[in-house]
Amino acid sequence: MSLLSLRDVRVQFNTAGGVVRAVNGVSLDLAVGETLGLVGESGCGKSTLGKAIMKLVPVAGGEIVVEGVDIAPLNREQLTEMRRKVQMIFQDPYGSLNPRSTVGRSVAQPLVLAGWKADATAERVETLLRWVGLPSDAKQRYPHEFSGGQRQRIGIARALALSPKLIICDEPVSALDVSVRAQVINLLEDLKSQFGVSYLFISHDLSVVEHIADRVAVMYLGMLFEIGGRDQIWKSPQHPYTKALLAAAPIANPKLARARQRTVLQGELPSPLNPPPGCPFNSRCPMAQDRCRVEKPVLRPVSNGAQAACHFV
Amino acid sequence: MGGSALPLEITDLRTTLFTRRGEMKAVDGLSLTVGAGETVALVGESGCGKSLSALSIMRLLPDPPARIVGGQVKLNGRDIVPLPEETMLGIRGKEIGMIFQDPLSSLNPVATVEKQIVEVLMTHTELGRGQARVRAHELLELVGMPDAARRLDAYPHQLSGGMCQRVIIAMAIACSPSVLIADEPTTALDVTVQAQVLALLKKLQADAGMAMIFITHDLGVVAETADRVVVMYAGRKVEEASVDELFESPLHPYTVGLIGATPTPGAARAERLADIPGMVPPLNALPQGCAFAPRCKRVMDRCLTEKPNLTVPGAGRLVACFAAEGG
Ligand SMILES: Nc1ncnc2c1ncn2[C@@H]1O[C@H](COP(=O)(O)OP(=O)(O)OP(=O)(O)O)[C@@H](O)[C@H]1O
Ligand SMILES: Nc1ncnc2c1ncn2[C@@H]1O[C@H](COP(=O)(O)OP(=O)(O)O)[C@@H](O)[C@H]1O
Ligand code: SF4
Ligand code: SF4
Ligand SMILES: [Mg+2]
Ligand SMILES: [Mg+2]
């Protein structure tokens, strides 16, 4: 059984300019102990998909199954149980921490809500802070007294409080400097091997995802274009957009960077208010044919063992 | 000016922040040369003084609190540090172009794209308005603006981040400057658009033989664009090398740490990233000796009391570290 299973999940927002289909029929599975990387360019729907799983945005359709239970129809109490299993950390930990709450209280909050007793909570907070590498006196201090990397550790401590099975990490290292980013990535990997927690790791940074993920899903304008093992995706990407994305990602090695032949993808992401009909990539795709402008491709198995949504792979 | 002078030659540049909490050396003796057609990347983590170096070179420092307190910035052989602002107005945008990180803040939100480019051209060239408008259109085509003719009448908020950055590039190169300073020009962009803008900058630079300083914190972007690399830490240059040598045999422990901390797809996959413990110290609390000492794996007694100076460990290389110079 998958830890998380999404079937045709849809989220839409009604905006002044019209309806934005931010998540437009996404299906995927995430196994126990797995890190699934979710990549794609700004606005493609990564955060919205993460929030949909947390039920932080209204879900317009589809199934979100956590350990065999579809959470779409659940009531408040039942959701509390689910929230224990699935936690989320955000790009800007500052925004997600209450500035007037001490770090100790922020980390304790999920425990208190779950009905933990005061002394058990205090002990647990100590442990959590130790796990994420924060000094014990951090409890009495406020978020603004900490650096970006330390605030991210606070967010991770809080997410870990109730021993979740899955943590949705939404760009957890994107705001951090290189050296601190590496500290937080290593911490996430240590926690995974220690506690067997799984991650849905959302990032626009392909090199970080290549480092941390077991499997990778590529998103474009609300749709999954390709999903497969990390090496399948990196060594033999099948979908034209995956190829373009990998070709565009800078490589921190001048020799490798020069050696690869680089075709720069032209054009920009179309407006999500007005996506091209058929395959949403057809306005930029070097392989687009007439069929792509009328028929939307669906995800299906392709030769590299992954799944891709393109009429011509 | 002598025809043999380098486009940009910076010697012992010092910029200090005069704040209520005291004086802070934000740029502490930076020397740097950039040849025609050459790209020098300035790298380092947030707060190490990259942008203040760029603003010092452009003479655009926020004053107060920042002021150049020493050194020279020779542009085509002429030191521009002592020049009055009126003279700088004629130099900026003409001899030296600039591109900043946040595209929207560098454009005038209430003027059309055409008006902004025309203004640059009319300030620095003899072109009349009509000719300048024709040239503005050409420039937009040159920077690959999709649907250029129509975009001339657009306001910045009607354009995507990538398109705004193209307009800024068009303005920066409008007068064919000999030096271009780009401060994180692609950091706010998506990777596919970043690749477009990097390719564009390289092409424009090669065609015009511009000297370019490229500021970034992203070693991937460095590897893709630079000929030579200068690594900064706490306001000082700690290492300089050709891009190949820097990545192949980094000498300064900070450079080694930065490279180890950056995942490289396609390279052999490390189980763990080599992180650097701790973080960049604030400028008002720099350690007495080597600023990197509290985070350094190779720290020695001497590092705690003495500041390492730049030494020459090999041809074309510089490093400021006691351990690296001793081998
Ligand atoms: N106007 C200012 N007033 C006070 N301090 C400043 C000012 N501008 C910059 N600083 C300080 O000077 C130092 C260098 O800043 P600078 O902007 O050059 O860093 P940077 O290397 O460009 O960093 P980033 O990668 O974040 O852009 C930092 O410690 C910063 O906090
Ligand atoms: N609360 C909202 N109201 C309206 N539109 C939204 C809202 N949240 C996200 N969107 C839109 O949904 C799309 C996907 O956004 P998001 O999930 O944040 O993308 P990503 O995380 O991949 O950058 C974008 O077009 C975005 O503008
Ligand atoms: S379906 Fe057509 S437009 Fe879409 S990726 Fe495939 S070839 Fe390109
Ligand atoms: S001088 Fe000493 S502390 Fe500084 S980088 Fe070299 S070894 Fe490390
Ligand atoms: Mg997001
Ligand atoms: Mg800066």
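Odds and ends about this structure:
- If you go through region B:49-63 and keep only what is in a helix (DSSP H, G or I) and either within 16 Å of ligand 5 (Cβ to nearest atom) or not hydrophobic (A, V, I, L, M, F, W, C) (or both), you end up with B:50, B:51, B:53, B:56.
- Highlighted here are the helices (runs of 4 or more DSSP H) found entirely within region B:129-185 that include at least 2 residues which are β-branched (Val, Ile, Thr) and closer than 20 Å to residue B:110 by Cβ: B:161-173.
- Of B:114, B:119, all but one fail to be under 28 Å from the mean Cα position of the chain (by Cα) and in contact (Cβ under 8 Å) with a residue 24 or more places away in the chain; the exception is B:114.
- Residues that are in a loop (DSSP other than H, G, I, E, B) and surrounded by fewer than 23 Cβ atoms within 10 Å (Cβ to Cβ) within region B:235-250 comprise B:249, B:250, listed in sequence order.
- Lone qualifier among A:203, A:136, A:179, A:198 - being within 14 Å of chain B (Cβ to nearest Cβ), away from ligand 5 (no atom under 16 Å from the Cβ) and among the hydroxyl-bearing types (Ser, Thr, Tyr): A:179
- Subset of region A:255-275 (residues that are more than 16 Å from ligand 5 (Cβ to nearest atom) and either at pLDDT 95 or above or in contact with a strand residue (DSSP E or B) (Cβ under 7 Å, 6 or more places away or on another chain) (or both)): A:273
- Residue ID - farthest from ligand 2 (Cβ to nearest atom), chosen from residues in region A:280-299 that are of a type in the set (D, E, K, R) and touching a His at 6+ places or on another chain (Cβ under 9 Å): A:291
- Residue in region A:177-200 that is assigned to a loop (DSSP other than H, G, I, E, B), within 16 Å of ligand 6 (Cβ to nearest atom) and touching a residue at least 24 places away in the same chain (Cβ under 8 Å) present: yes
- Residues (closer than 29 Å to residue B:278 by Cβ and among the polar types (S, T, N, Q)) located in region B:226-259: B:249, B:255
Table: residues versus (1) surrounded by fewer than 21 Cβ atoms within 10 Å (Cβ to Cβ); (2) within 30 Å of residue B:278 (Cβ to Cβ); (3) touching a residue at least 12 places away in the same chain (Cβ under 8 Å).
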| site | (1), (2), (3) |
| --- | --- |
| B:14 | yes, yes, yes |
| B:28 | no, yes, yes |
| B:34 | no, no, yes |
| B:40 | no, yes, yes |
| B:44 | no, yes, yes |
| B:48 | no, yes, yes |
| B:51 | yes, yes, yes |
| B:62 | yes, yes, no |
| B:73 | no, no, yes |
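- Any chance residue A:240 is in contact (Cβ under 8 Å) with a residue 12 or more places away in the chain and within 14 Å of another protein chain (Cβ to nearest Cβ): yes
- Selection status of residue A:294, more than 16 Å from ligand 1 (Cβ to nearest atom) and either facing another protein chain (nearest Cβ under 8 Å) or in contact with a helix residue (DSSP H, G or I) (Cβ under 8 Å, 6 or more places away or on another chain) (or both): no
- Close pairs (6 angstrom Cβ cut-off, 6 or more residues apart or separate chains): touching a residue at least 24 places away in the same chain (Cβ under 8 Å) in region B:91-104, acidic (Asp, Glu) and more than 16 Å from ligand 2 (Cβ to nearest atom) anywhere: B:100/B:183; B:101/B:183; B:101/B:184
- Candidates in region A:300-313 are the residues that are assigned to a loop (DSSP other than H, G, I, E, B) and over 10 Å from residue A:240 (Cβ atoms); of these, the one that is nearest to ligand 2 (Cβ to nearest atom) is A:309.
- Restricting region B:266-316 to residues that are closer than 30 Å to residue A:236 by Cβ and out of contact with any Gly (no Cβ under 6 Å at 6 or more places or on another chain), the residue that is farthest from the other protein chains (Cβ to nearest Cβ): B:268
- Test for residue B:283: is it modelled with pLDDT of 85 or more and surrounded by fewer than 19 Cβ atoms within 10 Å (Cβ to Cβ): no
The values are calculated or read from the model by the stated rules, or taken from the named source; none is laboratory data. If you're wondering where the values come from, they're calculated on a predicted model, not measured in any experiment. Cβ coordinates were reconstructed from backbone atoms using ideal geometry, including for glycine residues, and neighbour counts include every protein chain displayed.
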